[in-house]
Amino acid sequence: MKEEVDQIVLGFTKAFKALQMYGMNHSSFRNFYVPFYENISEFLSKNNELNLQIDKFTIHHDNRIVYKEEEMDLSIAFRLFKDGVRSIGFMGGITSDELLLLLDVISQSKKDYDVALGLWECDFSHISFYVVEEEEVLDYRVPDVPTEFVDYDEKLKQLILREKIDIDAVIIPDLKPDEVKNLMNNITDEEKASILPLVIKTLTDFLHTERSKEVIDGLIELLESCVDTKDFYNARRIAYKLKDYPEVSFIERFENATTIMGFKEMVNVPQNELFNEFLAFIGFFSKKSVPFLLQLLSLAGRADRLHSLRHRIAYIAQDDITPIAEFLKSEDTMSLVSAIAIIGIMRNIEAAKLLQPYIDHPDARVRLEIIDALGNVKQPDLLVQYVKDPQMEVRIKALRLLAKLKFPQMYPVLLDKIKDKTFLDLEFSEQREYFNYLTANADSNLVQILKSMLYKRKWFGRKKYRVMRRLAAIALAQIGSSESLEALRIGAEKRNKDIKIVCELVLKGKSK
Amino acid sequence: MSIYTSGKTIVALLYPLLKAVQVYDVNNDVVINTAKKFVAFMETLFSTISSLEFVRYRDYIFFNKQRLKYEIDSYANLQFLNSRLKILRIKSLTFLSGIKHQEIIDFAVIFKEDKVTFLKQFVLKRYPHIKVEFLKAGEEADEFMEDGKFTKRTYFKALKVTKNMMQNLWSGRPVDVKSSRRIVYNLVDTISRDEFGILALTTIKNFDEYTFNHSLNVGILALALGQRIGLDRRSLARLGTSGILHDIGKVEISKELINKVQKLTDQEWETLKMHSNFGVREILKTRGLDEISMIAITVAYQHHWNYDGTGYPLREKEEEPTLFSRVVRICDSYDAMTTARSYQPIPYLPHFALRVIWSNQNRLFDPILAKVFTQLLGIYPVGSCLELNTGEVGLVMRQNPGNIGSPIVKIIVDRNHEKTDGRTIDLAMEVQTKIVRPTYPQMYGINPSAYFL
């Protein structure tokens with residue numbers, strides 16, 4: 001047995017040193033640790049327990065020194081001894097996790113670390129230890145019993161009356177099975193639940209009665225911890241309360257590049273709920289944070305997230321476009337696009353002037369964003385040129401906005417284009433936007449024009465004109481006036497199949 | 001069935017058998033049926049396991065190397081087994097395949113005896129399917145055997161730490177957080193090792209230093225109640241700390257007001273009620289915001305919240321006190337009632353205070369916790385003085401697990417009303433001795449705590 005114990009203690013020492021040198025994840029540590037674990041497990045399976053007594057620099061087993069190290073920093077014995085640990089016991093059934101935890105606690109090198117507290121916190125199942133405290137002199141003196149006369153029976157009667165209790169009631173404190181279950185569930189629930197929301201509530205409730213520096217500081221500390229752990233739900237709750245104290249600066253500490261770039265994983269976090277909490281929290285930020293927040297935008301992998309973030313930044317920037325304007329100078333297209341988008345969201349007409357230099361930007365992504373921005377600040381005249389943009393996507397977007405903004409000045413130009421042969425060369429989606437524009441900006445003649453397109457004899461049997469007939473029919477349905485619908489109904493009665501089919505289809509769609 | 005559940009079930013079946021042989025003749029049907037049930041269950045296990053071994057190691061009970069935890073549904077059984085093994089100095093107890101109900105009945109009969117009788121009988125009779133291994137001399141270190149000494153040392157150390165902490169707060173000096181954390185763990189160790197011993201020390205009340213003793217007593221009572229409901233050691237440490245710190249807000253209230261004898265004015269009462277709020281600030285000042293502090297903060301704030309939604313500070317309808325706050329609510333009330341204070345020179349008798357808690361369950365106190373608290377302290381809590389039908393007065397020294405109306409008492413006043421250092425009686429065993437009524441120890445010039453030191 002002696003040799004086995006010596007072997008175990010030696011293994012323990014080696015594993016301890018390896019842990020200090022390499023850390024727990026290093027293979028060198030595992031090389032020392034595994035044999036130690038195997039040895040002690042084997043020993044305990046045969047002997048059931050192993051008790052070691054701790055002295056200042058030595059460890060004893062069965063009144064025999066099995067370990068000696070007098071160098072304080074290196075000595076396992078001293079580390080345990082200095083914090084009052086006087087014995088340590090291992091029981092059969094010990095797990096590797098328990099041993100690793102034990103080694104971890106003993107190897108902690110932080111100043112003021114209390115090994116005994118560390119061991120207690122581990123709540124081992126198969127490792128026990130005994131800790132001594134300084135001796136206390138039992139100087140308690142039992143107080144004298146008062147000697148004055150008291151009618152105790154009378155006193156008891158008064159108490160019974162006051163408390164209104166039945167002193168003879170039978171007490172049966174047995175718990176019913178459902179009560180045991182409830183209690184156990186309650187314990188499990190509370191163990192699982194985070195205490196944080198409750199503490200926040202308590203501290204904020206406290207502030208209802210009194211402004212306390214300690215409590216405000218406590219909330220700020222919690223806020224920092226929430227932000228560190230990306231718990232933006234609780235961070236937001238704290239920030240909401242702290243904003244009642246304008247003299248307390250609690251958000252400034254987060255408005256720096258390092259912290260904000262630390263939020264990058266939140267931009268694409270899979271759960272929308274978490275993202276929304278994050279978004280809500282940064283709502284407390286000041287415009288100082290805008291340049292850093294703008295950098296997050298380029299990381300957004302989802303269009304909806306990008307959209308939400310841009311809106312949030314516009315909100316944070318309030319009416320001040322200065323920090324955003326800086327990003328208009330960016331050579332990075334996505335940053336430029338985001339800056340333009342945010343300016344658009346801000347709906348600041350003055351800011352729209354800043355966009356002028358980018359109207360003819362060679363990158364279609366920029367032009368697309370400019371269109372949105374101009375749409376937001378209601379500048380349709382600046383959109384006109386995009387109807388002739390080389391990029392179809394851009395043209396469509398411009399047409400769509402012109403329709404939305406009701407800009408009749410373009411009506412004759414677009415009508416001419418529709419009548420032009422080259423119109424047939426366009427994609428259906430773009431052709432449709434032309435007609436959408438016409439219906440949105442319709443004058444009294446439009447129904448007549450569309451009717452003539454729908455019934456046009458010249459196009460009978462000509463396949464390529466079918467699309468014109470269809471677009472005219474759809475436009476008539478969109479107008480939805482009695483005259484336009486009547487035109488469709490008449491068309492549906494026509495003998496010509498081209499007209500009949502297209503009108504029937506459109507009317508059917510309309511009725512749906 | 002897992003090893004853990006099997007172990008718990010065996011202990012649960014063994015306990016009624018050990019109790020039954022104390023009350024009934026060995027040929028009684030109750031005894032025989034209980035033993036048969038016990039054996040039948042073991043037989044199901046023997047189909048897969050060759051031996052069923054219970055090991056007692058420093059107040060832990062292991063079953064086939066799995067530690068059995070003290071949980072609400074197994075507490076009494078496990079505690080009883082542990083105490084018997086400890087008294088009989090048994091290190092391990094093993095049941096082997098082939099055991100019959102008569103063998104286990106015979107064993108149960110000697111298991112209730114004292115150490116010498118047990119040893120003699122065990123050697124004399126043959127138990128082919130029961131193996132017992134005894135502790136060798138010196139095998140269990142002295143400190144573990146001398147619970148009384150360890151318990152007292154821990155109590156007074158804890159009292160000193162609590163007192164220092166509060167005095168330092170009162171005078172604006174820094175607080176030794178490390179000591180207070182350590183002492184809580186020492187108390188957790190003590191409560192698992194010597195629950196009755198440490199509970200007995202809560203009878204120490206100090207009129208002049210009420211707040212210190214009260215804070216510690218609430219911490220200890222909370223730990224004991226927490227242990228009974230099956231909290232693990234980590235949770236117990238948190239609960240114990242919360243118990244000790246629950247009234248820490250009182251350091252912000254003048255001593256004159258706290259000790260005022262006359263009825264408080266409305267304004268004074270409102271000020272006093274603020275101690276729940278102040279507790280939050282004091283804990284923040286003392287300990288910062290680690291996990292334990294966060295729990296202690298909520299308990300300090302909520303410990304006057306009643307079960308029915310009343311109490312102070314005001315709260316929103318849907319807010320409920322945490323489990324720890326509900327535990328401390330009961331323990332705080334009990335200790336406050338049983339302690340003499342400036343405005344309550346004659347404290348409530350312990351059994352009376354317990355009845356106040358019992359009759360206010362659902363209103364002020366969590367009814368389930370009130371039941372467990374009653375199981376913990378018994379109908380006549382430790383420190384109660386009882387007039388017996390023998391004309392003597394007995395002091396309750398400890399509870400009888402499983403028989404809460406019949407505690408173990410020490411005769412402290414004889415038939416002639418003279419103080420005496422009399423015998424100790426287990427009222428569950430000595431059935432002819434009956435309790436007439438609880439009485440005030442002051443009537444006999446007695447301070448119960450003197451008997452526990």
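The values are calculated or read from the model by the stated rules, or taken from the named source; none is laboratory data. This one's a predicted model, so the numbers in the text were calculated from it and none came from an experiment. With ideal geometry, Cβ positions are generated from the backbone for all residues, glycine too; neighbour counts draw on all protein chains shown. The area values use the complete protein model at the heavy-atom level, side chains included, leaving out ligands, DNA and RNA. Shrake-Rupley method; radii C 1.70, N 1.55, O 1.52, S 1.80 Å.
Mind listing whichever residues of region A:108-153 are open to solvent by 20 Å² or more (accessible area, probe 1.4 Å), more than 10 Å from chain B (Cβ to nearest Cβ) and under 15 Å from A:Ile88 (Cβ atoms)?
none
I need the full set of residues from region B:174-231 which are outside any helix (DSSP H, G or I), free of Cβ contacts under 8 Å to residues at least 40 places away in the same chain and surrounded by fewer than 23 Cβ atoms within 10 Å (Cβ to Cβ), in order please.
B:Pro174, B:Asp176, B:Asn206, B:Asp208
Kindly check whether there is at least one residue in region A:26-34 that is within 14 Å of chain B (Cβ to nearest Cβ) and closer than 16 Å to A:Leu103 by Cβ.
No; the residues of region A:26-34 include none that is within 14 Å of chain B (Cβ to nearest Cβ) and closer than 16 Å to A:Leu103 by Cβ.
Considering only residues that are among the aromatic types (Phe, Trp, Tyr) and buried (at least 20 other Cβ atoms within 10 Å of the Cβ), look in region B:31-59 and name the one that is nearest to B:Ala108 (Cα to Cα).
Looking at residues that are among the aromatic types (Phe, Trp, Tyr) and buried (at least 20 other Cβ atoms within 10 Å of the Cβ), I get B:Phe38.
Just need a number here: residues in region A:197-209 that are within 7 Å of chain B (Cβ to nearest Cβ) and either surrounded by fewer than 13 Cβ atoms within 10 Å (Cβ to Cβ) or more than 12 Å from A:Lys241 (Cβ to Cβ) (or both).
Number of matching residues: 3.
Return the residues of region A:154-182 that are more than 20 Å from B:Leu369 (Cβ to Cβ), within 9 Å of chain B (Cβ to nearest Cβ) and part of a helix (DSSP H, G or I); say none if nothing qualifies.
A:Lys155, A:Leu156, A:Leu159, A:Ile160
Assess whether A:Leu242 counts as being more than 20 Å from B:Asp290 (Cβ to Cβ) and open to solvent by less than 60 Å² (accessible area, probe 1.4 Å).
Against the criterion (more than 20 Å from B:Asp290 (Cβ to Cβ) and open to solvent by less than 60 Å² (accessible area, probe 1.4 Å)), A:Leu242 qualifies.
Looking only at region B:65-79, decide whether some residue is polar (S, T, N, Q), open to solvent by less than 40 Å² (accessible area, probe 1.4 Å), without any contact (Cβ under 8 Å) to a residue 60 or more places away in the chain and within 11 Å of chain A (Cβ to nearest Cβ).
Looking through region B:65-79, none of the residues is polar (S, T, N, Q), open to solvent by less than 40 Å² (accessible area, probe 1.4 Å), without any contact (Cβ under 8 Å) to a residue 60 or more places away in the chain and within 11 Å of chain A (Cβ to nearest Cβ).
Here is a check on your reading of the model: is A:Asn272 open to solvent by 60 Å² or more (accessible area, probe 1.4 Å), of a type outside the set (Asp, Glu) and either more than 10 Å from every other protein chain (Cβ to nearest Cβ) or farther than 26 Å from A:Phe292 by Cβ (or both)?
So A:Asn272 passes the test.
Could you list all residues from region A:382-392 that are surrounded by 15 or more Cβ atoms within 10 Å (Cβ to Cβ) and assigned to a helix (DSSP H, G or I)?
Within region A:382-392, A:Leu382, A:Tyr386, A:Val387 meet the criteria.
Condition first: assigned to a helix (DSSP H, G or I), touching a residue at least 40 places away in the same chain (Cβ under 8 Å) and away from chain A (no Cβ under 12 Å). Can you find one or more residues in region B:310-329 that meet it?
yes
Being closer than 20 Å to B:Leu17 by Cβ and either modelled with pLDDT of 90 or more or within 11 Å of chain A (Cβ to nearest Cβ) (or both) is the filter here; which residues of region B:123-146 pass it?
B:Tyr127, B:Pro128, B:His129, B:Ile130, B:Lys131, B:Val132
Which ones in region B:265-296 are assigned to a helix (DSSP H, G or I), over 29 Å from the mean Cα position of the chain (by Cα) and under 16 Å from A:Glu221 (Cα atoms)?
B:Arg281, B:Leu284, B:Lys285, listed by residue number.
Cβ-Cβ distance below 7 Å, separation of 6 or more or different chains: which pairs start in region B:419-446 with a residue that is under 23 Å from A:Tyr152 (Cβ atoms) and within 14 Å of chain A (Cβ to nearest Cβ) and end on one that is of a type in the set (Gly, Ala, Ser) and in a loop (DSSP other than H, G, I, E, B)?
Sorted first by the residue in region B:419-446, then by its partner, the pairs are B:Pro438/B:Ser384.
Name the residue that is nearest to the other protein chains (Cβ to nearest Cβ), counting only residues in region B:274-309 that are surrounded by fewer than 17 Cβ atoms within 10 Å (Cβ to Cβ) and in contact (Cβ under 8 Å) with a residue 40 or more places away in the chain.
The extreme case among them is B:Glu291.
For B:Ile104, state whether it is modelled with pLDDT of 85 or more, in contact with a helix residue (DSSP H, G or I) (Cβ under 8 Å, 6 or more places away or on another chain) and among the β-branched types (Val, Ile, Thr).
So B:Ile104 passes the test.
Select from region B:367-382 the residues that are open to solvent by 10 Å² or more (accessible area, probe 1.4 Å) and either part of a helix (DSSP H, G or I) or of a type outside the set (A, V, I, L, M, F, W, C) (or both) and write down the one among them that is farthest from the other protein chains (Cβ to nearest Cβ).
Restricting to residues being open to solvent by 10 Å² or more (accessible area, probe 1.4 Å) and either part of a helix (DSSP H, G or I) or of a type outside the set (A, V, I, L, M, F, W, C) (or both), the top hit is B:Tyr380.
Just to be sure I understand, how many residues within region B:404-428 are in contact with a strand residue (DSSP E or B) (Cβ under 9 Å, 6 or more places away or on another chain) and either basic (Lys, Arg) or in a loop (DSSP other than H, G, I, E, B) (or both)?
So the answer is 13.
For region A:227-241, indicate whether the set of residues that are part of a helix (DSSP H, G or I) and at the interface with chain B (Cβ under 7 Å from one of its Cβ atoms) is non-empty.
No, because not a single residue in region A:227-241 is part of a helix (DSSP H, G or I) and at the interface with chain B (Cβ under 7 Å from one of its Cβ atoms).
Pick out the one residue from B:Val26, B:Val132 that is open to solvent by less than 60 Å² (accessible area, probe 1.4 Å) and in a strand (DSSP E or B).
Only one candidate qualifies: B:Val132.
Is there a residue in region A:85-100 that is away from chain B (no Cβ under 11 Å), surrounded by fewer than 12 Cβ atoms within 10 Å (Cβ to Cβ) and among the hydroxyl-bearing types (Ser, Thr, Tyr)?
There is no residue in region A:85-100 that is away from chain B (no Cβ under 11 Å), surrounded by fewer than 12 Cβ atoms within 10 Å (Cβ to Cβ) and among the hydroxyl-bearing types (Ser, Thr, Tyr).
Examine region B:261-279 for a residue that is closer than 30 Å to A:Phe124 by Cβ and in the same structural domain as B:Arg329 (by TED's automatic domain parsing), and state whether such a residue exists.
No, region B:261-279 contains no residue that is closer than 30 Å to A:Phe124 by Cβ and in the same structural domain as B:Arg329 (by TED's automatic domain parsing).
Out of all the residues in region A:2-20, is one or more small (Gly, Ala, Ser), open to solvent by less than 80 Å² (accessible area, probe 1.4 Å) and part of a strand (DSSP E or B)?
No, region A:2-20 contains no residue that is small (Gly, Ala, Ser), open to solvent by less than 80 Å² (accessible area, probe 1.4 Å) and part of a strand (DSSP E or B).
As an exercise: evaluate A:Ser75 against (1) surrounded by fewer than 19 Cβ atoms within 10 Å (Cβ to Cβ); (2) away from chain B (no Cβ under 14 Å) and give the number of the one condition it does not meet.
Result: A:Ser75 passes all but (1).
Which residue pairs have Cβ atoms closer than 6 Å, lie 6 or more positions apart in sequence or on different chains, and pair a first residue in region A:285-297 that is aromatic (Phe, Trp, Tyr) with a second residue that is assigned to a helix (DSSP H, G or I)?
The qualifying pairs are A:Phe285/A:Ile316; A:Phe292/A:Ala257; A:Phe292/A:Ile260.
Matching residues to (1) in a helix (DSSP H, G or I); (2) open to solvent by 60 Å² or more (accessible area, probe 1.4 Å); (3) touching a Ser or Thr at 6+ places or on another chain (Cβ under 9 Å):
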{"position": "A:Ser429", "(1), (2), (3)": "yes, no, no"}
{"position": "A:Ser444", "(1), (2), (3)": "no, yes, no"}
{"position": "A:Ile449", "(1), (2), (3)": "yes, no, no"}
{"position": "A:Ala477", "(1), (2), (3)": "yes, no, yes"}
{"position": "A:Gly491", "(1), (2), (3)": "yes, no, no"}
{"position": "A:Arg495", "(1), (2), (3)": "no, yes, no"}
{"position": "A:Asp498", "(1), (2), (3)": "yes, no, no"}
{"position": "A:Lys508", "(1), (2), (3)": "yes, yes, no"}
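Hey, any hits in region A:176-183 for a residue that's over 26 Å from B:Leu225 (Cα atoms) and crowded, with 18+ Cβ neighbours inside 10 Å?
No - not one qualifying residue is present in region A:176-183.
If only one of A:Ala364, A:Ala373 is among the small types (Gly, Ala, Ser), buried (at least 18 other Cβ atoms within 10 Å of the Cβ) and modelled with pLDDT of 90 or more, which one is it?
Unique residue meeting the criteria: A:Ala373.
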